[in-house]
Amino acid sequence: MTIGLEGFGLSVLIVYTIFTGLMYCSNKKAADAAKSAADTARTALELDQRPWITVASITLTSPIKDQPIFIKLGVANTAERSSGYCAVYNPKTKEFFQPSECNQRNYAH
């Protein structure tokens, strides 16, 4: 009788261990999926909030003999949504300034 009860207890323990292992695998899979979704959302948010700078204008100085050629590039922030801060660099004064209207789509002049 004692051997039968020990065998039954061992069987219950084995079944319990198997189910615990299956639950661990299932929980790990769900946790990995949640982490992947969070990483994807973070990456999408970073890409959505970053400034998208494009070349708005190109001006080439007239070449003078034995002088370097200068190319002036005008840039524009074309982000549809931004973090709320925007600044434009003025190459003449070598300073950044903040336009009065940061929600404008194009800052190049």
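Sub-9 Å Cβ pairs linking a first residue in the stretch 61-75 that is more than 19 Å from Pro91 (Cα to Cα) to a second residue that is surrounded by fewer than 10 Cβ atoms within 10 Å (Cβ to Cβ), at least 6 apart or interchain, are Pro63/Ile69, ordered by first then second residue.
Within the stretch 37-80, take every residue that is part of a helix (DSSP H, G or I) and either loosely packed, with under 10 Cβ neighbours inside 10 Å or more than 16 Å from the chain's Cα centre (by Cα) (or both) and give me the one that is modelled with the highest pLDDT.
Step one: of the stretch 37-80, the residues part of a helix (DSSP H, G or I) are 37-49.
Next, only the ones that are either loosely packed, with under 10 Cβ neighbours inside 10 Å or more than 16 Å from the chain's Cα centre (by Cα) (or both) stay: 46-47.
On the way: Glu46: 69, Leu47: 66.
By that ranking, first place goes to Glu46.
Could you tell me whether Ser26 is surrounded by 10 or more Cβ atoms within 10 Å (Cβ to Cβ), of a type in the set (Ser, Thr, Tyr) and in a helix (DSSP H, G or I)?
Yes, satisfied.
The values are calculated or read from the model by the stated rules, or taken from the named source; none is laboratory data. As the structure is a computational prediction, the values presented were derived from the model and not from experiment. Methodologically, a virtual Cβ is constructed for each residue, glycine included, from the backbone with ideal geometry; neighbour enumeration extends over all protein chains shown.
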